[in-house]
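Everything on this sheet refers to the single structure shown next.
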């Protein structure tokens, strides 16, 4: 790889960390630590640990199931048991960067199952797109529920959520039509024909529906756990409102500007939920910060433990290889 390429890889590695440090630094600077400490001291820590632990294990089981479905259908035969260390590998790499985790899973399948790297990466990309479709479905259901119940929501949040749902789902369906019917769109022709997008043309409609249901089941688990965490920290967010807020945060997490969900999602959640916190608890922002920090670090801790239990020597070698390349796709051409 040439020098400029190495420089680009270096910036891709540094930028998420830099953005995370800036955002987290701002949050630390503006946080009332006295209220933050009271929020943690008043919460039932064993119950919090149990809730987060069960949620992380549930997510691992259901997430692995969805991944095994798409890999088995469009890439290479794989059992659910085979898929467990693949997902575990991604948990370690996710701490570094979301894109590095995708590369790590594709690299694992290439080395362990002799699967085509780009096609494997395309399968992971397809799964992520289905995650976003599921998120849009959940957010759309939440918006309808709020409108029916007459619950007030921030107009800007409502507008952004409505635009995401209205644009993403039709856009996804149009893209599927273009790919599957081989519609000649000049500026998309080369991209559509790439091996990276081949899973989109090969996956069956039945499997897409199966994946949609599986990912909704996964998202529902996250919703229940996050709702429980906020209740434990005395943040009285209605489940109907969280049905809109959580998918919105998921879209923000997809943007590669932070590490492991730190920073940007917390800052946005602070703005959304702080008005709901009772004034008697002190700084509302600090209470929300306590809840989101507990959730993020709790999940991260349990996921790293799961990864340690399911990863073997081969997985660790893959982690080193993916981490060493910084997730650069050029390394696998």
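Sorting 220, 194, 120 from the fewest to the most surrounding beta carbons within 10 angstrom yields 194, 220, 120. Considering every alpha-carbon pair of the range 133-183, the percent of pairs per 5 Å bin, from zero through the bin containing the longest distance, is 4, 19, 23, 20, 13, 8, 6, 4, 2. Altogether, the Stokes-Einstein calculation at 20 °C and 1.002 mPa s, with the Kirkwood radius of the range 193-306 over Cα pairs as Rh, returns a diffusion coefficient of 134 µm²/s. By the compact-protein rule of thumb, 2.2 N^0.38 Å, the alpha-carbon radius of gyration of the range 267-317 corresponds to a ratio of 1.73. If you bin all the Cα-Cα distances of the range 77-229 at 5 Å, starting from zero, the percentages per bin are 2, 8, 13, 17, 19, 16, 12, 8, 4, 1, 0. Annotation: peptides 124-130, 233-239, 19-25, ranked by per-residue average of other Cβ atoms within 10 Å with the highest first, follow the order 124-130, 233-239, 19-25.
Report the percentage of all Cα-Cα pairs in the range 33-145 whose separation exceeds 19 Å, rounded to a whole percent. The share of Cα pairs beyond 19 Å in the range 33-145 comes to 56 percent.
Taking label points 7 Å from Cα along the Cα-to-Cβ direction, residue 205 and residue 22 give a separation of 4.6 nm. With a Förster radius of 45 Å applied to the beta-carbon distance between residue 152 and residue 40, the computed FRET efficiency rounds to 0.90.
Using the Cβ-Cβ distance between residue 160 and residue 304 with R0 set to 35 Å, the FRET efficiency works out to roughly 0.60.
For the range 159-175 versus the range 99-153, the spacing of their alpha-carbon centroids is 15 Å. The packing ranking, built from the mean of other Cβ atoms within 10 Å per residue, places the peptides 283-291, 139-147, 153-161 in the order 283-291, 139-147, 153-161, highest first.
Each value in this text was obtained by applying a stated rule to the coordinates, not by laboratory testing. The model shown is predicted, which means the values in this text are computed figures rather than measured ones. Note that each Cβ is placed from the backbone with ideal geometry, even for glycine, and that neighbours are counted across all protein chains shown.
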